[in-house]
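The values are calculated or read from the model by the stated rules, or taken from the named source; none is laboratory data. Just so it is clear, the structure is predicted and the values come from calculations on it, not from any experiment. Cβ placement follows ideal geometry from the backbone for every residue including glycine, while neighbour counts extend to all protein chains displayed.
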Amino acid sequence: MALTRSFKQTVQLRAKKDAAFRRALLQEGVENFLQGEIETGRAVLRDYINATLGFEELARLSGISSKSLMRMFGPDGNPQASNLFAVIACLQTAEKVELEVRAARVRG
């Protein structure tokens, strides 16, 4: 049986090569939070952080310890809004993007 790359390795390799993929991953993580899918949002942002700047660099940029960041985005994490928005601000700056929220009517 052939060995395959892990999902995390695949995400990291693609994120390093593909700026559009990185932006989409960041956007997806934040959108999940806004839709109340907190567990999924944490997982997607954790993958994004691991694939891009890493927790040590994010700690330096945000002023939040890397251990706290890892706990925040871990499976049982419960980030405070102030820390979450500080992290999102740092990620936007690092990625050189501005995410925006638009109101849309819910169909139905």
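Listed here are the helices (runs of 4 or more DSSP H) enclosed by segment 5-81 that have at least 3 residues being more than 13 Å from the chain's Cα centre (by Cα) and free of Cβ contacts under 8 Å to residues at least 12 places away in the same chain: 7-17, 54-62, 66-72.
Restricting attention to segment 71-108, the residues that are in contact with a Lys or Arg (Cβ under 7 Å, 6 or more places away or on another chain) and either over 21 Å from Arg23 (Cβ atoms) or surrounded by fewer than 16 Cβ atoms within 10 Å (Cβ to Cβ) (or both) total 2.
When residues in segment 79-105 are screened for being more than 17 Å from Arg60 (Cα to Cα), among the polar types (S, T, N, Q) and either touching a Cys at 6+ places or on another chain (Cβ under 6 Å) or modelled with pLDDT of 95 or more (or both), 0 of them pass.
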